[in-house]
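The values are calculated or read from the model by the stated rules, or taken from the named source; none is laboratory data. Model, not experiment: these values are computed from the prediction. Don't worry about glycine lacking a Cβ; one is built from the backbone with ideal geometry, like all the others, and counts go over all protein chains shown.
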Ligand SMILES: [Zn+2]
């Protein structure tokens with residue numbers, strides 16, 4: 001390993017003066033072949049660009065054709081294409097998540113409509129495309145930029161009444177789902193006026209009259225688990241609004257306001273137009289630190305393993321071929337790993353101990369959830385060894401925030417209440433985890449709660465939702 005790195009260092013062009021730590025990491029290159037002396041490197045992808053991190057910004061011009069080849073005399077040899085891991089910290093409100101990601105020229109092969117940047121990162125500055133939102137509504141709301149709101153399919157459809165879920169998935173009507181901050185069985189039970197408040201708010205901000213607005217509370221397929229507070233389903237369904245208002249709600253995503261002295265926040269998504277989330281899985285355990293060197297090593301190990309794994313190659317080849325993207329198995333596995341990233345997420349366990357995770361994300365190769373799950377299974381079920389002796393431990397429990405429902409931070413770090421001029425509710429005190437998925441019997445329910453047996457062994461949530469937390473869809477906001 002060490003000698004390989006040395007070789008990598010040596011084979012680099014002499015452009016390394018005054019490098020920052022980030023550059024050092026970014027230049028960590030893999031699979032650099034021994035190029036025989038006097039050999040000609042034929043590369044349609046301009047290898048000098050790959051060596052220079054700055055040059056990757058002009059990636060648009062790169063026309064991916066085939067992996068670079070070496071010609072030595074009569075012999076032509078294909079070089080495995082170079083990829084590297086670069087530092088990629090992300091910011092969610094006031095919370096910084098240290099991170100690393102793969103940078104690969106193969107990312108450029110995705111057609112333009114699939115070349116979205118990671119939807120889980122960054123901010124959303126509300127704009128009103130239809131001009132329907134009043135400038136000074138009677139109920140003022142927070143207008144500052146907020147973290148993007150990207151939900152999973154399971155979050156929207158989890159434990160939703162099967163018939164309703166079917167209707168919602170298939171309807172072309174103007175239907176919008178609204179998830180209140182801190183949604184769950186308790187919130188809806190404790191605030192019977194919630195629906196009316198939402199209606200009043202929507203009417204107050206719209207220039208249109210919104211006469212035919214109807215709002216349905218969430219209807220559960222199974223009862224919430226014993227003592228649940230944040231049990232699914234979360235979303236109320238709003239129908240009959242003007243197209244302008246629907247567009248504006250989906251564009252703004254988050255509204256925080258006060259009504260009758262009570263703070264509210266609502267997140268709006270289009271349940272019929274969810275795209276597949278980039279979250280793949282989480283890792284926990286002793287290896288998980290916010291040290292970017294360590295994260296780089298882990299991500300390199302993951303990528304290398306997937307590149308070598310026949311199952312991964314086969315699945316990537318199959319999925320991308322069905323999408324008509326890429327030309328051969330080699331190209332497609334490189335595309336599959338080209339957008340992988342690892343993000344450090346701070347978290348505590350029930351005892352208040354530090355229990356952070358690394359979250360692996362990557363661009364979905366298909367928007368078909370069933371097919372996408374094939375890839376998720378391959379990545380999740382694979383064992384990753386770092387440096388020969390350390391094994392990455394998969395975290396089965398999902399990371400999710402009980403307040404906003406995003407899966408990119410723990411409840412205690414929900415970034416929304418830190419938004420400038422936040423008019424919505426604060427984060428609740430204490431330790432909170434998402435309730436067991438859907439209404440299935442959870443290990444907790446088995447363990448110990450005397451009293452009620454869990455009658456809710458999910459028969460019904462089949463067909464309504466992705467069951468596995470991470471197997472997610474998200475709102476595509478591009
Ligand atoms: Zn949150």
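The number of residues in the stretch 353-374 that are in a strand (DSSP E or B) and touching a helix residue (DSSP H, G or I) at 6+ places or on another chain (Cβ under 8 Å) comes to 2.
Of the candidates 159, 190, 172, 185, the single residue that is under 28 Å from the mean Cα position of the chain (by Cα) and either over 23 Å from residue 406 (Cβ atoms) or surrounded by fewer than 15 Cβ atoms within 10 Å (Cβ to Cβ) (or both) is 172.
In the stretch 340-352 there is at least one residue that is under 16 Å from the mean Cα position of the chain (by Cα), more than 16 Å from the ligand (Cβ to nearest atom) and assigned to a loop (DSSP other than H, G, I, E, B). Counting only helices (runs of 4 or more DSSP H) wholly contained in the stretch 178-294, the ones carrying 2 or more residues that are at pLDDT below 95 occupy 185-190, 243-252.
Any chance the stretch 408-421 includes a residue that's away from the ligand (no atom under 13 Å from the Cβ) and on the phi < 0 side of the Ramachandran plot? Looking for residues that are away from the ligand (no atom under 13 Å from the Cβ) and on the phi < 0 side of the Ramachandran plot, one finds at least one in the stretch 408-421, hence yes.
Just one of (1) under 30 Å from residue 157 (Cβ atoms); (2) in contact with a helix residue (DSSP H, G or I) (Cβ under 6 Å, 6 or more places away or on another chain); (3) in a helix (DSSP H, G or I) fails for residue 321. It is (2). On the basis of being more than 10 Å from the ligand (Cβ to nearest atom), under 26 Å from residue 294 (Cβ atoms) and not in a loop (DSSP other than H, G, I, E, B), does residue 394 make the cut? Yes; evaluated as a whole, the condition is true for this residue. Scanning the stretch 151-166 for residues that are in contact with a strand residue (DSSP E or B) (Cβ under 9 Å, 6 or more places away or on another chain) and assigned to a loop (DSSP other than H, G, I, E, B) yields 151, 152, 159, 161. Does residue 403 meet the test of being under 18 Å from the mean Cα position of the chain (by Cα), farther than 30 Å from residue 104 by Cα, touching a residue at least 60 places away in the same chain (Cβ under 8 Å) and within 16 Å of the ligand (Cβ to nearest atom)? Yes.
One line per residue, one yes/no per condition, for (1) outside any loop (DSSP other than H, G, I, E, B); (2) modelled with pLDDT under 85; (3) more than 15 Å from the ligand (Cβ to nearest atom); (4) within 26 Å of residue 274 (Cα to Cα):
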site: 376; (1), (2), (3), (4): yes, no, yes, yes
site: 399; (1), (2), (3), (4): no, no, no, yes
site: 426; (1), (2), (3), (4): no, no, no, no
site: 440; (1), (2), (3), (4): no, yes, yes, yes
site: 444; (1), (2), (3), (4): yes, yes, yes, no
site: 452; (1), (2), (3), (4): no, yes, yes, no
site: 467; (1), (2), (3), (4): no, yes, yes, yes
site: 478; (1), (2), (3), (4): no, yes, yes, yes
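Taking the condition touching a strand residue (DSSP E or B) at 6+ places or on another chain (Cβ under 8 Å) and in a loop (DSSP other than H, G, I, E, B), does residue 106 pass? Give the derivation first.
Numbers: touching a strand residue (DSSP E or B) at 6+ places or on another chain (Cβ under 8 Å): yes; in a loop (DSSP other than H, G, I, E, B): no.
Criteria not met by residue 106.
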